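The values are calculated or read from the model by the stated rules, or taken from the named source; none is laboratory data. In this text the structure is predicted, and so the values were computed from the model without any measurement. Don't worry about glycine lacking a Cβ; one is built from the backbone with ideal geometry, like all the others, and counts go over all protein chains shown. Surface accessibility is based on the protein's heavy atoms, side chains included, excluding ligands, DNA and RNA. Shrake-Rupley method; radii C 1.70, N 1.55, O 1.52, S 1.80 Å.
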Amino acid sequence: MLLARVAVGLLIADAIAIGATSPARAQLAASAPPAVGIVEAIKRPITETSEFLGRIEAINRVNVVARVTGFLDERLFVEGAEIKKGDLLYRLERGPFEADLASKQATVAQLQATLENAKLTTERARTLLGGPAGQQSIYDAAIANQRSLEAQVQSAQAEVQASRINLDYTEISSPIDGKIGRTAVTEGNVVGPSSGVLTTIVSQNPMYVTFPVPLRQGLDLRERYAPQGGLEAVLIRLRLPNGRMYGESGKLNFVDNTIAQNTDTIIVRGEIANPILHAPSTAGVTVHELTDGEFVTVLVEGVEPVEVLAIPRSAVLSDQQGDYVFTVGADNKAEQHRIQLGQSTPTIAAVINGLTLGDKVIVEGLQRVRPGQPVSPGPASPLIQSSMKASANDVGTPSDAGAAKPAGKSP
């Protein structure tokens, strides 16, 4: 019994001692500064990008219309095929136009014969003026008749030319290189100037891309690129409707001279290559990546990357007052800095104001950091550091079309 009481007493004493030291240990653990990962704010090259919505337009577009009235005899093209300038598209009935031309040519021949006789009469009247049988009035009348016949011959020759032109119009050829659409009229129908469009031809390579730019953003772009060469300082890339980036890049070549009053935008146009994707089929049909009227996303990029003060995008926090970051200051205490962001990429934030080169920015462990709180800094994880290097030249991906905003706001 005595030994049992001693053992119980020792256990109670140990329990009291452990209970007394536990709050002290908990207080010591809670007061330890949180470990955070930091990176230094450094200069990095970044490609400035602005995003807009636009449409593809063919540089040349022709609506084919018949210029004379006649029956359509032949259609000589494959719908949807690539054609060349001068290729024959339609042939109209030629018989009536050939007969009209022959009639006009006969009229010219008749008038020319009459004119030759008038010239002989004029010459005889002139030779008789020196003799007693000669009269000035007869000579004057002969000259007038000759000149009248000359005018009639010229008029008849002009009618022959008009008939020849109308005959040529019975064969309708392509005025441009391009891709031809479907025919609106089939063989056997009467066509003419009032029949409307027979078919449409659109050029294929290169293509235009036009897009509206809000005036305010257009002024920002002008201020950014005008000192660097204006239109020559930027290039354009396209994102197709399926989200895939188009493989060719283009150049801007036109800015409209009028602001659209209803939208407060200005039209900008670029030119971009549109090569053949696949070899022509046996029917001559080709496939190009871009199609006239296609809806695309236009990315306007600076030709040369610019140097910006860069930090990881995950280091940027936001509240109602705007964007901010935490840095490690004197005595390893966390300091809050309000910053202004420029154009950023998904992994890199470009800082315009609020930080200086070399500031130690907290990028990991932010959930436990408060302003003025001591922290235990260390290098950021290799993943963060490698993403900074790999994404230094990434193109920005604005969240809204037509507005170049930093990607993301809060971790």
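Structural remarks
- R0 of 35 Å, Cβ-Cβ distance Q228-A260: FRET efficiency to nearest 0.05: 0.85
- Using every pair of separate Cα atoms, the Kirkwood estimate puts the hydrodynamic radius of the range 175-304 at 17.5 angstrom.
- Heavy-atom surface of the range 29-143, accessible at 1.4 Å and reported per residue (Å²): 56 Å²
- Annotation: peptides 295-304, 261-270, ranked by per-residue average of other Cβ atoms within 10 Å with the highest first, follow the order 295-304, 261-270.
- Rounded to the nearest whole Hz, the Karplus-based 3J(HN,Hα) values (6.51 cos²θ - 1.76 cosθ + 1.60, θ = phi - 60°) of the range 328-341 follow the sequence 9, x, 5, 6, 6, 9, 6, 10, 8, 10, 6, 10, 10, 8, with x at glycine and proline.
- Each peptide in 189-198, 338-347 was scored by the mean count of other Cβ atoms within 10 Å over its residues; highest first, the order is 338-347, 189-198.
- Per residue, the solvent-accessible area of the range 300-354 (1.4 Å probe, heavy atoms of protein chains only, all protein chains present) comes to 43 Å².
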